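Working notes for the structure below.
Every read-out reported here was derived from the displayed coordinates using simple, explicitly stated rules and does not represent laboratory data. Bear in mind that the values here come from a model prediction, so they are computed numbers and not experimental data. Here the Cβ positions follow ideal geometry from the backbone for every residue, glycine too, while neighbour counts run over all protein chains shown.
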Amino acid sequence: MKTLLLSVSALLILSGCARLTTHADFAATEAALCDVWQESLPTRSQRDTAQTIAEIGRAYDVFEAVCQRPAFAD
């Protein structure tokens, strides 16, 4: 069974049916995910409570740590 699986995999790769993912593909996917995530981040308001301010701050911190870019331009 293992031989059959390897043979099928080799055929798919050789026939072009299997797409090999490159580093550029991963980078583009990560950027797209961060774009969508950034659009969903909450915005601040003058009426925010202390708890809301803290929660929004944590959301921004996590986003910035993962995506390595500012949540919003100041």
Of ALA28, PHE72, THR49, farthest towards positive along the dipole that unit charges on Lys, Arg, Asp, Glu beta carbons give region 23-74: THR49
Total formal charge among the other residues, if their Cβ is under 11 angstrom from that of GLN38, Lys/Arg +1 and Asp/Glu -1: -2
Ordering of 60-66, 48-54 by packing [mean C-beta count within 10 Å, highest first]: 60-66, 48-54
Pairwise FRET efficiency - GLN68 versus ALA32, Cβ, R0 = 22 Å, nearest 0.05: 0.90
